[in-house]
Amino acid sequence: MVRSKPPSKKPNRGVDFKKIKRKIGKKLPPPKNQTSTEIKSKAIVLPEQSVASERSGMAVNKKGLTLRELLQQTSHHNAKIRKVALNGIRDLVLKHPSELKLQKLSIIEKLRERISDSDKLVRETLYNLLKTVIFPSLKEEFTGSMISMMMAYVFNAMTHIAIDIRLMAFKFFELIVISFPSSFLLYAEKVLDNYVDILKNNQIYLQDKSKLKSALAGLVRCLSLLVDREDILSNKSKILEHECLHSYEVELPKDHSGMPSVLKRIEDLVPLLVNSFHDSALSIQAMPVIDGQSFDCILCTLQNINLAVKVFVDEINRPHMSHEFSSTLPSNGTKLMPNTMLMYLKKLGDSFPIDKIYHSAEKEGERFFILNLGITEIFLHLITWIDDPNLLEKLLHFIESFLLKQGSRNLSATKTILEKQLVSIISLFPRIVAISSDWRLRLLEAFTTAFRNCKVESTHCLAYLAAIEEMLKDDCAFKPCDPDMLSYQIIWLQELPNLLLKLGDRHPPLSKVILKLLLQIGQCSPQNSPLASEYNRLQWRLKEFYGTQVVAGSVNYGPFIKLRTDCQELSICCLYYFSTLNSDLLQSITCCCLCNHLDHSVLLRIIEVLESAFRAAHLPISDYIGFLVTLIARFKVYPGKLTFWP
């Protein structure tokens with residue numbers, strides 16, 4: 001039997017490391033040779049901070065920043081910080097208004113840098129800050145140097161390579177003009193140059209109608225100031241002052257009121273505006289429905305053309321044209337300029353009236369109607385020089401249809417625009433009728449119909465009255481011997497007492513206009529003329545204006561008693577021009593004299609006018625004595641000093 005071998009023994013070798021099994025997720029212990037880096041310290045408590053002591057008593061905003069710090073942050077590279085800084089300036093100025101008064105030059109000098117800011121939100125924040133806080137607070141303290149500081153940066157922004165900054169610059173300029181109208185007269189030529197440049201490249205902006213409309217709206221504001229420049233020239237002394245204390249001030253132009261260079265800019269502007277309108281008109285005619293922005297843009301273009309033409313015509317009609325301007329014209333310059341302007345407007349006349357064959361909605365028809373009305377208003381300024389019979393025929397036909405239909409039109413969103421244009425057309429109506437002999441009767445009939453249908457409290461009632469006043473006193477165009485014109489004059493005269501009674505005492509300014517017109521008719525009507533005879537027949541209607549006596553001696557007083565003193569004075573003066581004062585009207589006036597609410601000065605004025613009428617043989621002696629006896633009995637007048645005893 002073989003003996004088994006004993007198990008062999010492995011040699012005993014050295015162990016390099018001992019493997020330790022670790023559980024998953026368990027944190028390893030730090031190594032034994034790790035050096036501790038913990039630092040233990042105690043807090044250092046200071047009794048007072050030096051920065052806080054420096055801010056004590058200083059004006060700060062909600063976040064504790066001073067005006068100097070906020071102005072510095074407006075130049076920060078981060079747009080959000082610039083915007084926050086502008087809002088911080090708003091908070092600080094509203095909380096501490098004196099800071100704005102003391103630091104106005106520093107504030108304006110720093111804020112103007114953001115006019116050309118690359119961030120849209122920063123520019124809009126600056127615009128709102130200037131509009132709502134800075135300009136209103138400095139209304140009385142904004143001088144020529146401060147405007148120069150702003151305008152230098154506005155003009156720089158108008159030529160910026162970025163389109164948004166350029167268009168926003170016109171908005172800043174419009175804000176300056178709205179706040180300080182006289183400033184436009186200083187920079188009119190340069191501003192119009194920039195508008196010409198914008199309109200030459202208007203294709204760039206057609207993609208965004210709101211931006212183009214913003215620029216055109218600013219131009220409307222500027223041209224409106226040129227139309228009304230006589231009113232603001234008297235108030236420009238403060239804007240024109242030179243303040244030589246500031247080296248950065250831009251020298252102001254020497255000629256602040258000269259118009260030659262401005263008119264040349266307008267002459268360049270009109271063809272560009274006409275082309276812009278023509279292109280826009282073609283685009284909206286192709287639209288199934290006109291969008292609001294396109295309509296506002298094309299309407300704004302028409303407003304600019306209208307204002308530009310009005311400035312041109314007003315300068316032509318000036319009695320004393322400046323020597324510099326007249327020297328640039330030929331010998332017949334007063335005729336050449338309107339013809340030149342009509343040449344520029346030819347494309348506008350060829351497209352009139354613009355319309356669509358089918359209107360998708362009533363609002364579409366209203367919008368086209370308003371655009372045609374705007375074109376008509378433009379040509380009416382030049383109607384004296386229009387030599388195109390086709391264009392004149394179209395204009396007069398449109399005016400006739402407009403006057404016949406305007407009383408029945410019920411406009412909603414466009415009502416304000418229509419009323420504004422209606423007033424302009426009515427104010428030009430006397431000029432239209434004086435020129436168009438063939439259309440005279442048709443236009444007068446349409447005008448009279450519109451006047452009768454006009455609501456007495458409407459905004460254009462004054463325009464009708466002003467036109468009637470001009471047509472009544474224009475002896476050159478409307479002679480008394482013209483039977484057709486006379487018939488319409490009588491109709492207008494008959495409407496005036498009705499208007500007075502409809503108004504009552506609710507609108508004294510309008511009542512004053514009507515009474516003034518009545519007085520002028522009484523003063524100017526030739527004696528024994530048909531118009532004077534018709535004026536006498538107004539007495540039976542006017543007695544209701546003063547008062548009527550009813551049964552049992554009670555009196556229903558008319559509007560005369562409650563009207564203002566100036567209106568009462570005009571109505572009393574009208575009494576003198578009746579060739580024979582009617583006894584019924586005298587009775588109504590006597591009832592007013594007995595009223596306890598009538599001022600004693602008005603009563604004395606009635607007595608004075610009736611005495612003058614008696615001396616002029618306009619009042620029978622029996623009626624005059626009866627009037628005086630009634631007053632003596634009522635007021636118990638005694639000899640000696642004049643005394644009233646109720």
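When you count, for each residue, the other Cβ atoms within 10 Å and take the mean per peptide, how do 187-199, 283-295 rank with the highest first? Mind dumping the intermediate values first?
Working: 187-199: 19.8, 283-295: 14.1.
The most tightly packed comes first, giving 187-199, 283-295.
List the pairs from K40/K80; K405/K502; K213/K502 whose alpha-carbon separation is above 32 Å, in the order I gave them. In this structure, K40/K80; K213/K502 lie more than 32 Å apart at Cα. Residue ranges 83-93, 63-73 sort as 83-93, 63-73 when ordered by packing (mean number of other C-beta atoms within 10 Å per residue, highest first). Around E457, what is the net charge, scoring Lys/Arg as +1 and Asp/Glu as -1 over all other residues with Cβ under 12 Å from its Cβ? That works out to +3. Peptides 452-458, 178-184, 34-40 ranked from most to least packed give 178-184, 452-458, 34-40, packing being the mean of other C-beta atoms within 10 angstrom over each peptide's residues.
Only the coordinates and a few stated rules stand behind these numbers; no lab work does. Since this is a predicted model, take the numbers as computed values, not measurements. Cβ atoms come from the backbone with ideal geometry, glycine included; neighbour counts cover every protein chain shown.
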